[in-house]
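S.K.: Can you read through this structure? Questions will come right after.
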Amino acid sequence: MNMHTVVVGSSGTSPEEVVAVARDGARVELDEEAREALRTARRFIDDLAAKPEPVYGVSTGFGALAVRHIGPDLRAQLQRNIVRSHAAGMGPRVEREVVRALMFLRLKTLASGRTGVRAEVAQAMADLLNAGITPLVHEYGSLGCSGDLAPLSHCALTLMGEGEAEGPDGVLRPAAELLAAHGLTPVELREKEGLALLNGTDGMLGMLLMACADLARLFSSADVAAALSLEALLGTDRVLAPELHAVRPHPGQAASAANMLKVLAGSGLTGHHQDDAPRVQDAYSVRCAPQVAGAGRDTLAHARAVAERELASSVDNPVVLPDGRVESNGNFHGAPVAYVLDFLAVAVADLASIAERRTDRLLDKNRSHGLPPFLAHDAGVDSGLMIAQYTQAALVSELKRLAVPASVDSIPSSAMQEDHVSMGWSAARKLRTAVDGLARVIGVEVYAAARGVELRSGTAGLAPGEAARAVIAGLRAAGAGGPGGDRYLAPDLAAAEDFVRSGALLDAIRPVTGPLA
């Protein structure tokens with residue numbers, strides 16, 4: 001595990017810190033400010049627990065069962081029971097990075113001092129992360145309201161030494177065995193603590209933050225791919241002029257156009273037809289690339305703003321206020337996060353769609369301005385990249401289905417007490433699939449555009465720019481071969497996908513273009 005340490009205080013955390021803990025195995029420490037906030041809030045809970053009046057989450061049942069007052073002798077059992085009964089997920093295991101993000105974000109809220117748990121509980125969560133123990137969480141079980149209940153409950157179950165979890169070696173074992181192997185003691189929950197461990201938007205927020213990190217890289221990669229396609233199609237770069245984008249001042253659009261101009265600097269391929277006539281207009285998929293990618297960038301900026309507000313939040317019900325009041329609320333509702341998760345899925349689908357249209361244009365001899373059919377070596381004997389485009393089209397079709405919003409599909413639960421839910425967890429799960437699909441679609445476009453540029457390079461007087469040459473060299477070094485006769489294509493496409501997904505594409509071009517937006 002990475003020995004980088006993230007210090008958690010009472011005032012939240014940053015997107016970068018969430019990703020560091022989730023993906024890089026960063027260690028977690030609670031600072032003294034957080035410990036004091038935890039102690040202060042716990043005193044309020046202990047005082048309320050000693051009073052005869054019922055307080056939701058402290059001395060009552062939960063949800064539709066909140067009408068029952070629970071005596072002191074049953075309260076520890078109450079907290080254990082809510083964790084056990086709510087750990088009711090089904091389906092495939094959720095990825096390790098998602099579970100680590102979920103646990104870290106719940107720890108962030110515990111550390112705020114707004115949940116009323118003891119400092120020992122928060123420390124136990126940090127210890128679990130630092131030991132590399134990842135609870136078994138299932139795909140299905142969250143409606144995105146009252147928090148990501150089932151996923152968080154499976155994590156709380158591991159804190160109690162129950163259920164199953166994955167150790168640092170990736171092997172699934174009983175949680176009690178893993179805790180003992182790492183010298184950790186199961187937590188004995190007290191008033192409100194079980195409820196506080198499972199009542200938050202942490203799963204959907206963690207997936208949003210990781211999607212934002214991935215999409216920032218993919219939007220820049222999409223600009224590079226679009227520029228290479230423009231170059232291979234002998235398109236005009238005049239539509240990328242800053243003064244044209246200044247008259248429609250969407251910041252994402254300007255950033256994408258500027259990226260494409262950097263990539264095309266010094267190219268001898270832009271602005272031609274195969275008969276040397278000047279290019280007046282390109283097809284929309286080429287000419288409007290900055291407008292579409294830019295709209296996606298602006299959507300991403302909005303999603304980041306929502307995520308940052310959520311990171312600064314303490315999501316729990318009931319919540320402990322600074323004056324000691326413990327109040328029920330609806331802040332656990334995932335609508336703000338669910339909406340932007342769905343919005344990003346729409347942007348992803350459209351960006352992939354326009355990329356596929358450029359790839360198809362590169363392969364069509366009637367629209368590619370002189371490139372061979374399907375970029376084949378010997379068309380008819382060779383099929384070239386014909387089926388690579390099929391694969392890309394299948395991915396785009398799937399992304400369009402994934403763009404159908406989950407957040408409009410509320411389904412009532414808990415005997416109609418929870419009669420409107422966000423489905424934010426479902427929105428996050430489909431966005432993760434969409435992000436993976438986008439990386440593949442861009443990989444195919446980069447692969448096809450690179451081959452198109454290489455085929456142009458043999459034409460007298462037409463030389464690609466330095467940036468295109470850098471991309472091609474990086475792509476070949478990554479294992480994706482160049483033009484030639486037909487060969488087993490899947491490994492080339494997998495290498496192109498990894499070249500995009502890993503950030504190697506942007507690394508390859510940076511010495512030429514400088515950092516891209």
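S.K.: Quick one: net charge around Ser14, please, counting Lys, Arg +1 and Asp, Glu -1 for every other residue with C-beta under 11 Å from its C-beta.
M.R.: Around Ser14, the surrounding residues sum to -2.
S.K.: With no solvent and one point on each alpha carbon, what is the Debye value of log10 I(q)/I(0) for segment 318-389 at q = 0.22 Å⁻¹?
M.R.: Summing over Cα pairs of segment 318-389 leads to -0.92.
S.K.: Which residues' amide hydrogens lie under 5 Å from the amide hydrogen of Ser10, considering only partners 5 or more residues apart or on another chain, with H built in the peptide plane?
M.R.: Ala34
S.K.: Cross-link candidates for Lys365: which aspartates and glutamates have Cα within less than 20 Å, leaving aside residues fewer than 8 places away along the same chain?
M.R.: Hits, sequence-local ones excluded: Glu231, Asp275, Asp276, Asp282, Glu356, Asp378, Asp382, Glu445, Glu454, Asp486.
S.K.: If you don't mind, there's one more thing I want to ask. Tell me what the chain gives for mean residue ellipticity at 222 nm when only DSSP H runs of n ≥ 4 count, each as -39,500 (n - 2.57), the sum divided by the residue total, rounded to 500 deg cm²/dmol.
M.R.: Values: 19 runs with 281 residues, N = 517.
Calculated at 222 nm, the ellipticity per residue is -17500 deg cm²/dmol.
S.K.: Moving on. Could you work out the relative contact order of the chain, using alpha carbon pairs under 8 angstrom and six or more residues apart, expressed as a whole percent?
M.R.: Value for the chain: 16 percent.
S.K.: Pick out, in residue order, every one of the chymotrypsin sites (Phe, Trp or Tyr not before Pro) in segment 421-491 that is DSSP loop and has at most 15 other C-beta atoms within 10 Å; say none if there are none.
M.R.: Working: sites: Trp425, Tyr447, Tyr488; in loops: Tyr488.
Passing both the DSSP loop test and the Cβ count: Tyr488.
S.K.: May I pose another question? Of the trypsin sites (Lys or Arg not before Pro) in segment 345-389, which ones lie in a loop per DSSP and count no more than 15 other C-beta atoms within 10 Å? Could you put the intermediate results ahead of the total?
M.R.: On the way: sites: Arg357, Arg358, Arg361, Lys365, Arg367; in loops: Lys365, Arg367.
Here the trypsin sites (Lys or Arg not before Pro) that fit, given the DSSP loop and packing criteria, are Lys365, Arg367.
S.K.: Another one. Taking every DSSP beta bridge that has both residues in the chain, what percent is antiparallel when rounded to the nearest 5?
M.R.: Around 70 percent antiparallel, to the nearest 5.
S.K.: I'd like the Karplus ³J(HN,Hα) series for segment 241-249: coefficients 6.51, -1.76, 1.60, θ = phi - 60°, whole numbers in Hz, and an x wherever there's a Gly or Pro.
M.R.: 4, x, 5, 6, 7, 5, 7, 9, x
S.K.: Next up: Can you work out the Karplus-derived ³J(HN,Hα) for every residue in segment 395-409? Use 6.51 cos²θ - 1.76 cosθ + 1.60 with θ = phi - 60°, whole Hz, and x for glycine or proline.
M.R.: Running phi through 6.51 cos²θ - 1.76 cosθ + 1.60 with θ = phi - 60° gives 5, 4, 4, 5, 5, 5, 5, 5, 6, 5, x, 7, 6, 8, 10 Hz.
S.K.: Could you look at segment 326-439 and say what percent of its accessible area is carbon and sulfur, using a 1.4 Å probe and all protein chains?
M.R.: Here carbon and sulfur together make up 55 percent of the probe-accessible area.
S.K.: At 7 Å along Cα-to-Cβ for each site, give me the label-to-label distance between Tyr390 and Asp169 in nm.
M.R.: The answer from the label model is 4.4 nm.
S.K.: Okay, next question. Which of (i) 66, 55, 51; (ii) 90, 49, 42; (iii) 80, 59, 49 is the computed Cα extents along the principal axes in Å for the structure on display?
M.R.: Recomputing Cα extents along the principal axes in Å here picks out (ii).
S.K.: Take the alpha carbon gyration tensor of segment 1-155, find the square roots of its eigenvalues, order them as a ≥ b ≥ c, and report rounded if a/c is under 1.5; if not, report prolate when a/b exceeds b/c, else oblate. Write out the running numbers ahead of the final one.
M.R.: Numbers: a/c = 2.47, a/b = 1.32, b/c = 1.86.
Here segment 1-155 falls in the oblate category.
S.K.: Taking θ = phi - 60°, what integer Hz values does the Karplus form 6.51 cos²θ - 1.76 cosθ + 1.60 yield along segment 75-81, in sequence order, with x for Gly and Pro?
M.R.: Values, residue by residue: 6, 5, 5, 4, 5, 4, 5 Hz.
S.K.: Tally Lys/Arg at +1 and Asp/Glu at -1 over every other residue whose Cβ is under 15 Å from the Cβ of Ala406; what's the total?
M.R.: Net local charge, Ala406 excluded: +1.
The values are calculated or read from the model by the stated rules, or taken from the named source; none is laboratory data. Given the structure is predicted, the values throughout are model-derived calculations rather than measurements. Every residue, glycine as well, gets a Cβ built from its backbone with ideal geometry; the counts of neighbours run over all protein chains shown. Ligands, DNA and RNA are stripped out before the accessible areas are found, and what is left, the full protein with its side chains, is counted by its heavy atoms. Shrake-Rupley method; radii C 1.70, N 1.55, O 1.52, S 1.80 Å.
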